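Heads up: the structure comes next, in structure tokens.
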Amino acid sequence: MLIDSHCHLNYPGLIEDQPAVLARARAAGIGGFLNISTRQSEWAAVLASATREADVWASIGIHPHEADTHADLGADALRAAAAAPRVIGIGETGLDYYYDKSDRAVQRALFRTHIAVARETGLPLIVHTREAEADTAAILSEEMAKGRFPGLIHCFTASADFARAMLALGLSISLSGIVTFKNAKDLHEVARMLPEDRLLLETDAPFLAPVPHRGQVCEPAFTADTCRFVAGLRDSEPDALAAATTRNFFALFTKAARGGMKAP
């Protein structure tokens, strides 16, 4: 079994025929899906999908692109939403200095709010970072010193040094279909060096379809393609990597395991 640890099932491209999308993924061996929210207006729909489908879970969070429109969102709103039984993670949250769609100071403040809720609830923090690795590392280090919290860097595209820094803080790292791209040589090296017990897989669907699906709408079923590619990089068998990353998912997202599903 494989888990797609980060997908957006309620985004255009997937929501129009969500049951068929999930059916194709299940046929490809995907046994679980973490449906990620990026703004408060999505929370109800994301949670509804997770409530309806036994193998779908939800996250509650605000993407850094949306920080300006959620500048006044307090910890209470996140905390209340996170109490729902099918919510197993906080995020995605973090910093994005590539597009700069929100004020950087607001991004940083909201990031710390998410961290506080992750620390309080014990739910893993799901971190987005792009062209903001130095500030991301600084904030995570400062906040971890105040009290530890679980988390992962999703859709990892940064340097090996950043990967090592995140691992040293106790975070896990998730690889998306980007790792299959021919020009992702540095990421290939990161994929080889990651400890087996700290590695997760994702699609970030409907974005970033892996080879051989480049140019298509990405679907959770494509987690299997990324798994095969990463297994090849690591001189591992796809089934062994699938089992390891599934165990890692449930070890990190313990609320999912408490809800009845467990690693094979």
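What helices (runs of 4 or more DSSP H), lying completely within segment 68-185, carry at least 3 residues that are touching a Phe, Trp or Tyr at 6+ places or on another chain (Cβ under 7 Å)? Reasoning before the result, please.
On the way: elements: 75-82, 104-121, 133-146, 160-168.
The helices (runs of 4 or more DSSP H) meeting that bar are 104-121, 133-146.
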inquiry  = Suppose we keep only residues that are part of a loop (DSSP other than H, G, I, E, B) and among the aliphatic types (A, V, I, L, M) within segment 195-251. Which one would you say is nearest to residue 58 (Cα to Cα)?
reply    = 205
ask   = residue 244: within 16 Å of residue 174 (Cα to Cα), without any contact (Cβ under 8 Å) to a residue 12 or more places away in the chain and hydrophobic (A, V, I, L, M, F, W, C), yes or no?
value = no
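Bear in mind that the values in this text are calculations on the coordinates, not laboratory data. Just so it is clear, the structure is predicted and the values come from calculations on it, not from any experiment. Here Cβ is always computed from backbone atoms with ideal geometry, including for glycine, and neighbour counts include all displayed protein chains.
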